[in-house]
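The structure under discussion appears below in the form of structure tokens.
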Amino acid sequence: MLVPNSVESSAIEGHLPFTTQSALAAGMTAAELESDHWRSVMTDVWVAASAPVDRATWRDAARLVLPADAVLCGLSALAEHGVELRPDGDIAVHVATGVKYRRHSPAIVNHRLVLEPEEVAILGRWLVTTPQRTAFDCVRWADPTQAVETADTIVRADLVRVDELLDLAAQYPRLHGTCQVREVCDALGRSAAA
């Protein structure tokens, strides 16, 4: 279930991020990489100077430097599941590696999560937390003033049901933020009953 980190040399010709190693293997020189035609987006990762540097670019760049078993989680996984809650300009790539990870960029946010195999799915070139685990983590990590709105948006998008959030809260009673998940589910229940 590992996702390869290599990128074909054709990425160098397009607008996809690529590594210094793949550029050199494709025949480029270090001096060519330092030219105005390319820009570094993180340590040893480059993109064409004309390429847009958006969330997708940062996500694809992170894929190149992270371990093959890194899992998109939190708000990044939520976006992959079709619900975008990140504020404009937020380019952070949230991942779970299970180990302390040396950051290649401030854009990579590592969460030390222990995930069960059934809490991980494959979407494209990424391992991604399932919709249920993603929603659970987003609600428990949310700012308390935004947690209800976060959960409500996720539930209304049919990504997860309130009872599924409660099931995960029961499964992980000692994780930080689990109390917030229960309180938010209670608030959503009261709101639905009104």
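With semi-axes defined as the square roots of five times the eigenvalues of the C-alpha gyration tensor, the equivalent ellipsoid of the stretch 87-194 measures 25, 16, 14 Å, largest first. The calculated pair-distance distribution of the chain uses every alpha carbon pair, bins of 10 angstrom beginning at 0, and gives 9, 33, 30, 17, 9, 2, 0 percent.
Cα axis of helix 131-141 to longest principal axis of the chain: angle in degrees, 0 to 90, nearest 10? Roughly 80 degrees, rounded to the nearest 10. Beta bridges assigned by DSSP with both partners in the chain are antiparallel in approximately 65 percent of cases. For trypsin sites (Lys or Arg not before Pro), the sites in the stretch 84-180 that DSSP calls loop and that have at most 10 other Cβ atoms within 10 Å are LYS100, ARG102, ARG112, ARG174.
Where a number appears in this text, it was derived from the coordinates with a stated rule and is not lab data. In this text, all values refer to a predicted model and were calculated from it rather than measured experimentally. Here Cβ is always computed from backbone atoms with ideal geometry, including for glycine, and neighbour counts include all displayed protein chains.
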